[in-house]
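Just below is one structure, and these are the notes that go with it.
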Amino acid sequence: MSTKLISGTSLQLFRRYDHRPESVRAQLLDDDGPAYIQVFIHVLRDIHKEDTVEYVLALIDELLAANPKRARLFHHSTLADEDTYEPFLRLLWKGNWFIQEKSCKILALILSARPKNQNGIVSNGEASNSKKPFSTIDDALIGLVKWLCEQLKKPSHPNRGVPTAINCLSTILKEPVVRSSFVQADGVKLLVPLISPASNQQSIQLLYETCLCIWLLSYYEPAIEYLATSRALPRLIDVVKSSTKEKVVRVVVLTLKNLLSKGTLGAQMVDFQLPQVVQSLKAQAWSDEDLLEALNSLEEGLKDNIKKLSSFDKYKQEVLLGHLDWSPMHKDRLFWRENINNFEENDFQILRVLITILDTSSDPRTLSVACFDLSQFIQHHPSGKLIVADLKAKERVMKLMNHENAEVTKNALLCIQRLLLGSKYASFLQA
């Protein structure tokens, strides 16, 4: 007070509230909640002494833990001229871990409790005719997402940083602006490594909340595009295969159900033997009816996918994933004869990816199959030799003729022979 950092009224309210039993505090908040919230906001805004900041954050955390609905007090009309988000946004980046963790937890609760637009009050507590530069709801959500991504990259606390960030994300990812800013911040790739089978209670909870984040993202198209090209799908299937925790299995099955109809994900699920996994899961005694219903729905969807999947779709998906194997279609002459014109789609997209694999892959089997497939394309397409030469494949294949793996060398040689001789003599070189 002597330094005019708080007013006489604020001090009076603080004294009335501080060191009182929970029942007394509850009554004070019921009678005059917004006034106490305003005092706490002012202290956090104007006083930077660490122990004072910690103490006030602990008071706010306690009152919200006792009754989470009190988060609505921060959006009361009498606080329309207060920037309620700013102190917490600032404290996320300042001070010790206690201050950061409490600010994150409180901010997430306040943001989740905000009312919808009504009576001229904007949903972040800012009066619609206010001239002051307020932290908008979007500022707050984007600022929080930025801090959460930073925790996933470089945690401020070695044990608590990542679990705190994941816990918070699992509550706020239902917000459209959070999903978009999280994807823009490249956050999805930070979640993927956390999708792995868990053993102890602590890691099971982290896994569950991570899968909950993936489930929330499975409703958002740009996030699905990233999930489709990452290792998320095989990791989710590994988790559902090995987990005995019903809530983990349920959230993963619901996620897979959402992803089933998206792009090539349904086809990938078939390749990762998900139909067999679902059969195995259905044979177990689950008590959750939603889980049983989701398993039945997933099983039906997978059956439909198997029916719809043409051999060229499977081939395309294999090439786009960049992991090639000696599945029957590669050496099936009928497959090449029937599908050779499909390679012309999207300006020979699949052929271009196949050639790129020669540069990017280090897996001998993938390289062998890619060389073999190029030789098949040269043989079966009327202009195969010209097209492959035009796409600068020759130099890349030539390099592989000196590969340490004999299988790679053999198929690179076959491909070069076809390139040089053309389809006229190709039948003599059939492997």
Whole-number percent relative contact order across region 312-427, with pairs defined as alpha carbons under 8 Å at least 6 apart: 26
Two-site label geometry, Arg365 and Glu225: point separation in nm, points 7 Å out along Cα→Cβ: 3.2
Gain in span if fully extended, Thr52 to Gln202, counting 0.36 nm per residue against the direct Cα distance: 50.9 nm
Rg and Dmax [Cα atoms of region 278-378; Å; Rg one decimal, Dmax integer]: 18.1, 56
Length added when fully stretched, Ser180-Glu62, from 0.36 nm per residue minus Cα-Cα: 39.3 nm
Heavy-atom accessible area per residue - the chain, 1.4 Å, Å²: 50
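Checking the a/c ratio against 1.5 first, then a/b against b/c, what shape does the Cα gyration tensor give for the chain? Mind dumping the intermediate values first?
Values: a/c = 3.16, a/b = 2.50, b/c = 1.26.
Prolate is the answer for the chain, as a/c is 1.5 or above and a/b outweighs b/c.
Assuming a ≥ b ≥ c are the square roots of the Cα gyration tensor eigenvalues, decide whether region 311-366 counts as rounded (a/c under 1.5), prolate (otherwise, with a/b larger than b/c) or oblate.
Working: a/c = 2.14, a/b = 1.24, b/c = 1.72.
It comes out oblate by the Cα gyration axes.
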Residues listed by number, region 42-72, amide nitrogen under 20 Å from His19 label point at 7 Å toward C-beta: 51-60, 62-63
Karplus-derived HN-Hα couplings along region 72-89 (A = 6.51, B = -1.76, C = 1.60, θ = phi - 60°), whole Hz, x at Gly and Pro: 5, 4, 5, 10, 5, 4, 5, 9, 4, 8, 9, 8, 5, 7, 3, x, 6, 4
Sulfur and carbon atoms: percent of accessible area, the chain [1.4 Å]: 51
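Report, in listed order, any pair from Lys49/Lys189; Lys4/Lys94; Lys153/Lys399; Lys316/Lys392; Lys174/Lys245; Lys189/Lys245 with a Cα-Cα distance greater than 29 Å.
On the way: Lys49/Lys189 37 Å; Lys4/Lys94 24 Å; Lys153/Lys399 38 Å; Lys316/Lys392 21 Å; Lys174/Lys245 24 Å; Lys189/Lys245 25 Å.
Where the Cα-Cα span goes over 29 Å, the pairs concerned are Lys49/Lys189; Lys153/Lys399.
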Rounded if a/c under 1.5, otherwise prolate or oblate - region 165-232, Cα gyration tensor axes: oblate
Spin-label model distance (nm) - Thr9 vs Gln27, 7 Å beyond Cα toward Cβ: 2.3
The chain, relative contact order [Cα under 8 Å, separation at least 6], %: 7
Within the chain, helix-based [θ] at 222 nm, where runs of 4 or more DSSP H residues each add -39,500 (n - 2.57), nearest 500: -20500 deg cm²/dmol
14 Å cut-off, amide nitrogen to a point 7 angstrom out along Lys154 Cα→Cβ, residues in region 72-115: 93-94
Residue-span extension gain [Arg352 to Trp97] - 0.36 nm each, minus C-alpha spacing: 86.9 nm
Hits among aspartates and glutamates - C-alpha to C-alpha of Lys105 under 12 Å, sequence gap 8 or more where chains match: Asp61, Glu62
Over region 1-56, relative contact order from alpha-carbon pairs under 8 Å, at least 6 apart, %: 35
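The values are calculated or read from the model by the stated rules, or taken from the named source; none is laboratory data. Just so it is clear, the structure is predicted and the values come from calculations on it, not from any experiment. Note that each Cβ is placed from the backbone with ideal geometry, even for glycine, and that neighbours are counted across all protein chains shown. Remember, those area values only see protein heavy atoms, side chains included, never the ligands or the DNA or RNA. Shrake-Rupley method; radii C 1.70, N 1.55, O 1.52, S 1.80 Å.
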